[in-house]
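This report concerns only the one structure given below.
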Amino acid sequence: MVHNGIVDVLPGLKLEKQNVTALLSLDDQELQQVVDQFCEWLAKEAGEAGISASSRVTANYLGRHVQIPEWWIDVRGHDLENLLQKFLNPLAKKHRRSPLVKSDRRALIEFQTRAFPELLSGDLVSIFDGLQKFGG
């Protein structure tokens, strides 16, 4: 979203440049605000209070720690994908952008690895590294 300049669902977000690098440069409190605002927006759009109101758990990513609603841990991956497509892709269309949640998983993985490799999960990198060594 931020990479595509779509930040209207995050009214408190103030970035010099609208990109992931700027987003990750936020301090922990500002990053937590972004997470909370996004969860509240999606909960309201989806009519699913648990998206923002369920018990909180700590998520560690790239050495950062944010509190996320437990709903994000408990929801099935495909259900999450469908929900995000339902609400984020029309938002992208409104801004004349391509879909934010792509159906083509290959395109999604290629975009992620080329544009923002620093955002890949360490676990995923380890898995692919092991596969590469096994196959090589």
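Quick look at the numbers
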| quantity | calculated |
| --- | --- |
| Filter result for GLN29 (touching a Gly at 6+ places or on another chain (Cβ under 6 Å), in a helix (DSSP H, G or I) and modelled with pLDDT of 85 or more) | no |
| Residues that are over 20 Å from LEU88 (Cα atoms) and either exposed (fewer than 13 other Cβ atoms within 10 Å of the Cβ) or not assigned by TED's automatic domain parsing to the domain that holds VAL75 (or both), drawn from region 23-55 | ASP27, ASP28, GLN29, SER55 |
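Residue-wise test of (1) at pLDDT 65 or above; (2) closer than 23 Å to ALA49 by Cα; (3) assigned by TED's automatic domain parsing to the domain that holds ILE51; (4) not acidic (Asp, Glu).
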residue: GLU70; (1), (2), (3), (4): yes, yes, yes, no
residue: ILE73; (1), (2), (3), (4): yes, yes, yes, yes
residue: GLY77; (1), (2), (3), (4): yes, yes, yes, yes
residue: GLU81; (1), (2), (3), (4): yes, yes, yes, no
residue: GLN85; (1), (2), (3), (4): yes, yes, yes, yes
residue: LEU88; (1), (2), (3), (4): yes, yes, yes, yes
residue: ARG114; (1), (2), (3), (4): yes, no, no, yes
residue: PRO117; (1), (2), (3), (4): yes, no, no, yes
residue: ASP129; (1), (2), (3), (4): yes, no, no, no
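The values are calculated or read from the model by the stated rules, or taken from the named source; none is laboratory data. No experiment lies behind these values; they were computed from the predicted model shown. Virtual Cβ from ideal backbone geometry, glycine too; neighbours counted across all protein chains shown.
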